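Enquirer: Dropping a structure here in structure tokens format, bear with me for questions.
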Amino acid sequence: MTTVSKNRSVLRSANVAWNWLRVNLLASPIQIILSMGALYVLYLIVSFVLRWAVLDAHWSGDSRQDCDGFGACWVFVKVRLPQFLYGFYPEAQRWRVNVALLVCSVTLLPLFARSLVRRLAWGLLAVSCYAAAAFVLLHGGIFDLPPVETHLWGGLMLTLVVSGVGILGSLPVGILLALGRRSDLPVIQALSVAFIEVVRGVPLVTLLFMASTMLPFFLPEGASPDKLIRALIGITLFAGANMAEVVRGGLQAIPKGQFEASAALGLGYWKTMGFVVLPQALRVVIPGILNTFISLLKDTTLVLIIGLFDLLGMVQAAATDPRWLGFALEGYVFAGLVFWVLCFSMSRVSMALERKLRFAKS
Amino acid sequence: MPVLAQTVLSCSLLPMVTDQGIQHSSDPLIQLIGVHKWYGDFHALKDIHLNVSEGERIVVCGPSGSGKSTLIRCINRLEQHQQGRIIVNKIELDDNLKHLEHIRREVGMVFQQFNLFPHLTVLDNLCLAPTSVRKISRALAEQQAMHYLEKVQIPDQAQKYPGQLSSGQQQRVAIARSLCMNPQIMLFDEPTSALDPEMIKEVLDVMIQLAQEGMTMIVVTHEMGFARTVADRVVFLDKGEVVEENTPDAFFGHPKSERTKLFLGQIL
């Protein structure tokens, strides 16, 4: 491009920007006033937050003496970070948590295989391996790994374990319940509807509370399943019931002709569902499914009710430490940021998945 | 009057008047005996009697709402008949799932809306049923699929998705998909009604070729040219009952019932 045409294109883009400003922000006197007002408010907020969180913040040190004055005390977060991440997990064994996380990330790779069936098969294999490996690593007791009881698990690690299990479990549970609800067999339909409506109608807090306090009454004397297991079951069933309705919406969106063509070809019920209907139905409701997953991730904070300390629980506990009184805000901001990063990543994955799975439409 | 004699003559000559002089076995391939169907209170099919022999090509026509689609959908139990008997290839159509399985393997169906699986490529569409129902290997299924794609003249579209094809191509893929199960009987439910006019011919050509190869076909259609060229019998349905049934020449040349004449006057 010659200098003249380069200058011209610069002028053109400047023109475009000025036009946009004129049309959208400066069209009339009232708009000008409002725009100026909004910009001023924005400036106030952003400058304040920037000063508090970054410019005047205290980053280095290891006790509250290092946090004097106005800015945020990130020293608090830094000092307590291991607890926020690992909970009460013994320090010497923390490498096992890191390895377990690595194993999980690796076993998620099959999700990018080509065909759906292959993906499901590998995914199932991956999930079982992940579950086994993670459990062995985290709990220990075999392979000379000293056992670490589940009440010592906490922080971000616990959040990931609970939400990971919940996410992996809720999808199959939800699919089965949705199919059951649409079934022609009266007993199965009645059971599915009953389960979905009862579990959905009760707050998760109540479910967790009941699971932790009332379950021992229903079980034989002495049998007291691990607190974490109870929480996992409760959360998985709750998310599964919600997922069932999302999946059912997707199933209703599939035209009857697909079922008919499949039946006419001789494919039975399960083959029709597995090869024809569910691949299309799940694709259609990816936003709904990921939405349920994101809600699930945030709902894991409720395990505090039953005495398990996830990330938020650890932050709350740390905030009551007399050595760090007054710096609770930094802890909560940190927790909020971590949750936001996790949820935002999931929503980006959702959009990438949608784009990847979109097949050529007529 | 000659009309009565003609009816008797055509009925008795019927078994012998098929192309290539195929002798039909004494047991027809499809038998509908006194079939009734209700949708709630609406009497959709009234006392249908129909016999289809092997290698016969039947065209079913009639005004809309006459029950033509319902009739052929009863044959592979996409609709359930409430009274009467339907026997396909010596297997009775009832609540027995095993019977249904056997029947559906031998009866292929082509729909008005194509009903291809949009999330699978054309090749996958064709290979799905043979690999999972007839349990043949993927390689063999692919070989067979390419053979049928060549037969319907679109072998180069194998890796495309249905959404990328024209409507005529989609319907031909649908025909190939049914053929991959090697059925004995093919049912066509208004296969060209949803097509753009310039694509109707390509689909009809495929169907004519199938007919000439001896496939037993029941076709619900408004394409009377096809009926005249290929059909052994034309069945006229109105308000759920068989009004007239005859060879194409007799049907179009000398329709007997007033309702038939009215219908023919409207469409020809």
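Each value in this text was obtained by applying a stated rule to the coordinates, not by laboratory testing. Bear in mind the structure is a predicted one, so any value in this text is a computation, not a measurement. Virtual Cβ from ideal backbone geometry, glycine too; neighbours counted across all protein chains shown.
Enquirer: Please give the calculated 222 nm ellipticity per residue for chain A, where each DSSP H segment of at least 4 residues contributes -39500 (n - 2.57) and the sum is spread over every residue; nearest 500 deg cm²/dmol?
Expert: That comes out to -23000 deg cm²/dmol.
Enquirer: Between B:GLN266 and B:ILE91, what is the spin-label point distance in nm, taking each point 7 Å from the Cα along the Cα→C-beta axis?
Expert: It works out to 3.7 nm between the two label points.
Enquirer: For segment A:3-55, with equal point scatterers placed on the C-alpha atoms only and solvent neglected, what are the log10 I(q)/I(0) values from the Debye formula at q = 0.14, 0.28 1/Å, to two decimals?
Expert: Computed log10 I(q)/I(0) values: -0.61, -0.95.
Enquirer: So which of B:LYS98/B:LYS239; B:LYS37/B:LYS98; B:LYS68/B:LYS90; A:LYS256/B:LYS239 end up more than 28 Å apart by C-alpha?
Expert: B:LYS98/B:LYS239, as the Cα separations exceed 28 Å there.
Enquirer: Between B:GLN212, B:GLN31, B:GLN169, where does the largest GNM mean-square fluctuation fall for chain B, given springs only between Cα atoms within less than 10 Å?
Expert: B:GLN212
Enquirer: List the residues of segment B:178-209 whose backbone N lies under 19 Å from a point placed 7 Å from the Cα of B:GLN143 along the Cα-to-Cβ direction.
Expert: B:179-183
Enquirer: Which of A:ASP184, B:ASP94 comes first, and how do the rest follow, when ranked by fewest Cβ neighbours within 10 Å?
Expert: Listing A:ASP184, B:ASP94 from fewest to most nearby Cβ atoms yields A:ASP184, B:ASP94.
Enquirer: Using a Förster distance of 22 Å, how high is the FRET efficiency between B:GLN80 and A:GLN189, based on the Cβ-Cβ distance and rounded to 0.05?
Expert: 0.70
Enquirer: Now, a different point. Identify all lysines with a Cα-Cα distance to A:LYS356 below 22 Å; exclude those on the same chain that are fewer than 8 residues away in sequence.
Expert: By straight Cα distance, A:LYS356 reaches B:LYS160.
Enquirer: Report the gain in length on full extension from B:SER64 to B:ASP47: 0.36 nm times residue separation, minus Cα-Cα distance, nm rounded to one decimal.
Expert: 4.2 nm
Enquirer: ³J(HN,Hα) across segment B:141-146 via Karplus (A = 6.51, B = -1.76, C = 1.60, θ = phi - 60°), whole Hz, x for Gly/Pro?
Expert: After applying 6.51 cos²θ - 1.76 cosθ + 1.60, I find 4, 5, 4, 4, 4, 5 Hz.
Enquirer: Just counting partner chain Cβ atoms within 10 Å, what average do the residues of peptide A:277-285 show around their Cβ?
Expert: Mean partner-chain Cβ count within 10 Å for A:277-285: 1.
Enquirer: DSSP loop (so not H, G, I, E, B), at most 12 other Cβ within 10 Å: list which trypsin sites (Lys or Arg not before Pro) in segment B:105-170 pass both filters.
Expert: Here the trypsin sites (Lys or Arg not before Pro) that fit, given the DSSP loop and packing criteria, are B:LYS135.
Enquirer: Still on this model: As an exercise, identify the trypsin sites (Lys or Arg not before Pro) in segment B:208-250 lying in DSSP coil whose Cβ has no more than 15 other Cβ atoms within 10 Å.
Expert: Loop-located and lightly packed - B:LYS239.
Enquirer: Would you list which lysines come within 30 Å of A:LYS78, measuring only between C-alpha atoms, while excluding same-chain residues fewer than 8 positions from it?
Expert: Here the lysines satisfying the reach criterion relative to A:LYS78 are A:LYS227, A:LYS298.
Enquirer: Separate question: Can you compute the modelled spin-label distance between A:ARG200 and B:HIS36, with each label point 7 Å from Cα toward Cβ, in nm?
Expert: Rounded to a tenth, the inter-label distance reads 4.1 nm.
Enquirer: Counting partner chain Cβ atoms within 10 Å of every residue's Cβ in B:181-188, what's the average?
Expert: Mean number of neighbouring Cβ atoms from other chains: 1.
Enquirer: Next question, about the same structure. Work out the FRET efficiency for A:SER105 and A:PHE344 from their Cβ-Cβ distance, taking R0 = 22 Å, and round it to the nearest 0.05.
Expert: 0.80
Enquirer: Name the aspartates and glutamates eligible as straight-distance cross-link partners of B:LYS256: C-alpha to C-alpha under 17 Å, and not fewer than 8 places from it in the same chain.
Expert: B:ASP238, B:GLU241, B:GLU244, B:GLU245
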